[in-house]
Structures are given as structure tokens and as C-alpha cells.
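Asks: To start, I am sharing the structure in question, which I have written as C-alpha cells.
The values are calculated or read from the model by the stated rules, or taken from the named source; none is laboratory data. For clarity, every value in this text was computed on a predicted model and none was experimentally measured. Positions of Cβ are generated from backbone atoms using ideal geometry, with glycine treated the same way; all protein chains shown enter the neighbour counts. Note: areas computed on protein heavy atoms with side chains; ligands, DNA, RNA excluded. Shrake-Rupley method; radii C 1.70, N 1.55, O 1.52, S 1.80 Å.
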Amino acid sequence: MGREAQRRGLGIGGYIAIAYTVAAIVLLPLPFAFGTTYTNYPDIVYFYILLTAALPQLVGHTILNWAVVQISPTLVTLAILFEPVGASWFGYLLFGEVPAPAVLTGAAVLLLGVATATFGAKKISVNS
């Protein structure tokens, strides 16, 4: 829907304003549904929530929403699958955390699947 809306002339700013507002409205009552509130947390918690909203949400998701207009949504989705592999790599580099063999096996399978889908998509588009 986002790709089609943007193709019909809705700019990325308008699209994310609508999408993020709807998401906020839908998510707003959830703490109350689970018997908690938005208050009485230490100030640092609100700071981290702000960082989480500003960096990965606004920047990351906005870039992904923009990308679906530029390239295939399938390729954008495949690119998102690199996130856990990259996070594991950064965990190793920054903290010395060595992933378990099952995690490494899963990463290899994931990377093989992404490569197969990516090269398969290029081959199909060239042959079409």
C-alpha cells in the first residue's frame, strides 16, 4: 500500500505522517490493556524511548518506506533480513560475543537464501 500511495503522488513525508500517526493511535491504549501506564518510570527510560523512536523508527523505517518505491519490495524485505546477522557481527566486534554454532548456521542459511532470491530476481528481470 505504501508503494502504491507514493507512486500515486503522496510524498514520503505525507506517507510517514499518516502511517506513523495511525500506528501511534493503535498502539496508544496497549499499556492500559495490559494493566500498566506510561508514567512512573525513571527519566532515563524516557530518554531511551526517545532514542528508539528517533533513530531506528524514524530514520530506519522511513528509509525502508522510501526504498520500496525505488526498488522491489521483495528486495527491501530481503535486505531487512540482514539485521540480525549484522547485529551478531557488531556484537562480536564490539563486545567479543561469539555467536553459538546454531546462530552461525542460521546466519549462513539466511545469507544463502537472500543471495539466491536476489540473484534469482535479477535473472528473472533480465530474461523478462
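Asks: Between residue 20 and residue 118, what is the label-point separation in nm under the 7 Å Cα-to-beta-carbon projection?
Replies: Distance between the two pseudo-spin positions: 2.8 nm.
Asks: When the accessible area of the chain is computed with all protein chains present and a 1.4 Å probe, what percentage of it is carbon and sulfur?
Replies: Details: 7220 of 9680 Å².
Carbon and sulfur together cover 75 percent of it.
Asks: Keeping every protein chain present and rolling a 1.4 Å probe, give me the accessible area per residue for the chain in Å². Don't jump to the answer; show the numbers that get you there.
Replies: Values: 9680 Å² over 128 residues.
In whole numbers, the chain has 76 Å² accessible per residue.
Asks: Tell me what the chain gives for mean residue ellipticity at 222 nm when only DSSP H runs of n ≥ 4 count, each as -39,500 (n - 2.57), the sum divided by the residue total, rounded to 500 deg cm²/dmol.
Replies: On the way: 8 runs with 94 residues, N = 128.
Using -39500 (n - 2.57) per qualifying helix, the result is -22500 deg cm²/dmol.
Asks: Rounded, prolate or oblate: which fits region 1-75 when a ≥ b ≥ c are the square roots of the eigenvalues of the alpha-carbon gyration tensor, with rounded for a/c under 1.5 and prolate only if a/b beats b/c? Mind showing how you got there, number by number?
Replies: Details: a/c = 3.01, a/b = 2.05, b/c = 1.47.
In terms of gyration-tensor shape, prolate.
Asks: Report the Cα-based extents of the chain along its three principal axes, largest first, to the nearest Å.
Replies: Over the chain, Cα extents along the principal axes are 57, 47, 25 Å.
Asks: With the dipole of the chain worked out from charges on the C-beta (+1 for Lys and Arg, -1 for Asp and Glu) around the Cα centre, which of 98, 66, 33 lies farthest toward the positive end?
Replies: Most positive-ward Cα: 66.
Asks: Could you tell me the relative contact order of the chain? Use alpha-carbon pairs under 8 Å, at least six residues apart, and round to a whole percent. If you can, show how the numbers build up before the last one.
Replies: Values: 35 pairs, mean separation 31.1, N = 128.
Here the relative contact order equals 24 percent.
Asks: Follow-up question, since we're still on this one. Counting only complete DSSP H runs, which helices of the chain cover 24 Å or more along their long axis at the Cα atoms and score a mean Kyte-Doolittle of 1.0 or above?
Replies: Values: long enough: 101-127 (39 Å, 1.23).
Flagged H segments are 101-127.
Asks: Pop out the Kirkwood hydrodynamic radius of region 56-107 from its pairwise C-alpha distances, inverse of mean 1/r, in Å to one decimal.
Replies: Numbers: mean 1/r = 0.0799 Å⁻¹.
Kirkwood radius, region 56-107: 12.5 Å.
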